[in-house]
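The values are calculated or read from the model by the stated rules, or taken from the named source; none is laboratory data. Because the structure is a prediction, the values reported are computed rather than measured. When we count neighbours, we look across all protein chains shown, and the Cβ atoms used for this are built from the backbone with ideal geometry, even at glycine. We work out accessible area using only protein heavy atoms, side chains counted, and drop any ligands, DNA or RNA first. Shrake-Rupley method; radii C 1.70, N 1.55, O 1.52, S 1.80 Å.
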Amino acid sequence: MSRFDDSPLVLRAGRLWQEATTAAFLDAIGDGTLPPEAFSRWLVQDYHFADALTSFQGIAAGKTPRQFRKPLIAGLGALDAEMDWFEAQTRVRGLKLNAPVHEICRRYCDFLIQAAYSEPYPVLLAVLFGVEASYLAAWSGLPPTGPYAEFIDRWSNPRFAEYVESLRVLAEGNLHESSQRYFDGVLAHERDFWSMTWEG
Amino acid sequence: MLHEILWQQNVRLAEACLHHPFMRGLADGTLDPEAFRSYVAQDAFFLNTFARAYALAAARSQDMETLISLCELLNGVLRELQLHAGYAKELKIELARARPYRAVEAYTDFLLATAWHREPGETIAAMTPCMRLYGYLGTELAKTAGAGNPYQQWITTYSGSEFQALVTRLESLLDSMAEDTPAVGDAYAYAMRCELNFFSAMLEHTA
């Protein structure tokens, strides 16, 4: 039983939700057997993704009416701090952040950017909820121990869960006819992203 | 000229498109009609986005000459869409019901993300491969197409002088609007890869 089992967006996504929140990569993070090259690949590609998500969220915050905007703006601050954290993590490991963007990561980033400009704010709220809820669910399934404990805690701690809950309230309170299609689109990209980090 | 530099840098991808089984099937007329039906529906979806990307580039243009060129190129896409509507009627395809394949959606997401979010020169670089490639494919196929090829109208359209003039017009816009930067080169190369993926998707979905 996950915390989103009663979310209409999650329920209507069907098996996509499971596919987006479980992966061989995550299992290997959980039991500490992840090959270092897979972790490095994930770190660099996720940095590119976080950069695109920052653009998406900035545009989404601007399009969202004042009464719904606060969680998005607070989330933008956290996202920027996360970019600093990614940069520090990659420096420690001697990784280059200007490495080419993988085609799977690029597809996800393009999906977010085009949606940010083309779609109305209720759809953008569904997209943001999808991105963060699937991430929370994916990392929350892992024991917060082992060599990757810092990473697991980062996306499964109560403050992050509280932020995702606020996004859920906004997304479900502002449904649009395209919300489900875009929510499902996020989950399909999440699924492909996890496969890419594992398989290269 | 930048357009020629970028074409030469990516000519192997263009040749891969020319030798792709989908294109070989169009060339000798043996393409599975189901694959062509898929192509018509998916390409109509793609061209709808392509027209919007021209419109976005036009809205962001800095001078009247560029604005006029982009509007004329947009009109060229609308004529191409009429050709697809003709095919759709003949082949009884409901274009409005067609959902894009993932490879096609990746390409249209890329075009729209670039047109909205990146520099106008990058948008033109993202759009040129489609036009130059189709001009090239049409010309190459016209050299060998035999009588009775059911896809002759497609070959005639893309090898014709009207389409070739649009290619030249877009390439001159690329030369005037874009610099030889990594971002421009990357947009051009990625669009060319999207073209190759597009042809593959048509066969994968009808296999």
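At a glance:
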| read-out | value |
| --- | --- |
| Residue check, A:Tyr163 more than 14 Å from chain B (Cβ to nearest Cβ), within 22 Å of A:Tyr182 (Cα to Cα), of a type outside the set (Gly, Ala, Ser) and open to solvent by 30 Å² or more (accessible area, probe 1.4 Å) | yes |
| All helices (runs of 4 or more DSSP H) inside region A:1-46 with 3 or more residues being among the small types (Gly, Ala, Ser) | A:24-30 |
| Some residue of region A:127-139 being within 23 Å of B:His117 (Cβ to Cβ), buried (at least 17 other Cβ atoms within 10 Å of the Cβ) and small (Gly, Ala, Ser) | yes |
| The listed residue being of a type in the set (D, E, K, R), surrounded by fewer than 15 Cβ atoms within 10 Å (Cβ to Cβ) and either within 14 Å of chain B (Cβ to nearest Cβ) or in contact with a helix residue (DSSP H, G or I) (Cβ under 6 Å, 6 or more places away or on another chain) (or both), out of A:Arg106, A:Arg12, A:Arg91, A:Arg41 | A:Arg12 |
| Failed criterion for B:Arg60 (all others in (1) within 19 Å of B:Ser159 (Cα to Cα); (2) within 14 Å of another protein chain (Cβ to nearest Cβ); (3) basic (Lys, Arg) hold) | (1) |
| For A:Gly62: the one exception among (1) of a type in the set (Gly, Ala, Ser); (2) in a helix (DSSP H, G or I); (3) away from chain B (no Cβ under 14 Å) | (3) |
| The lone exception for B:Trp154 - which of (1) within 14 Å of the chain's Cα centre (by Cα); (2) closer than 30 Å to A:Ala52 by Cα; (3) not hydroxyl-bearing (Ser, Thr, Tyr) it fails | (2) |
| Test: residue in region B:124-133 that is in contact (Cβ under 8 Å) with a residue 24 or more places away in the chain and within 14 Å of another protein chain (Cβ to nearest Cβ) | yes |
| First in region B:90-116 and at the interface with chain A (Cβ under 8 Å from one of its Cβ atoms), second anywhere and assigned to a helix (DSSP H, G or I) and among the basic types (Lys, Arg), Cβ under 6 Å, 6 or more apart | B:Ala106/A:Arg107 |
| Among (1) more than 16 Å from A:Gln57 (Cβ to Cβ); (2) more than 11 Å from chain B (Cβ to nearest Cβ); (3) of a type in the set (A, V, I, L, M), the one test that A:Ala81 misses | (1) |
| Single unsatisfied condition, A:Val186 versus (1) under 26 Å from A:Ala24 (Cα atoms); (2) more than 14 Å from chain B (Cβ to nearest Cβ); (3) of a type in the set (Val, Ile, Thr) | (2) |
| Residue within region B:5-15 that is closer than 19 Å to B:Tyr101 by Cα and in a helix (DSSP H, G or I) present | no |
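Listed here are the residues, each with its yes/no results for (1) under 20 Å from A:Ala52 (Cβ atoms); (2) modelled with pLDDT of 95 or more.
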{"position": "A:Arg106", "(1), (2)": "yes, yes"}
{"position": "A:Leu112", "(1), (2)": "yes, yes"}
{"position": "A:Tyr121", "(1), (2)": "yes, yes"}
{"position": "A:Ile152", "(1), (2)": "no, no"}
{"position": "A:Ser166", "(1), (2)": "no, yes"}
{"position": "A:Glu177", "(1), (2)": "no, yes"}
{"position": "A:Phe183", "(1), (2)": "yes, yes"}
{"position": "A:Thr197", "(1), (2)": "yes, no"}
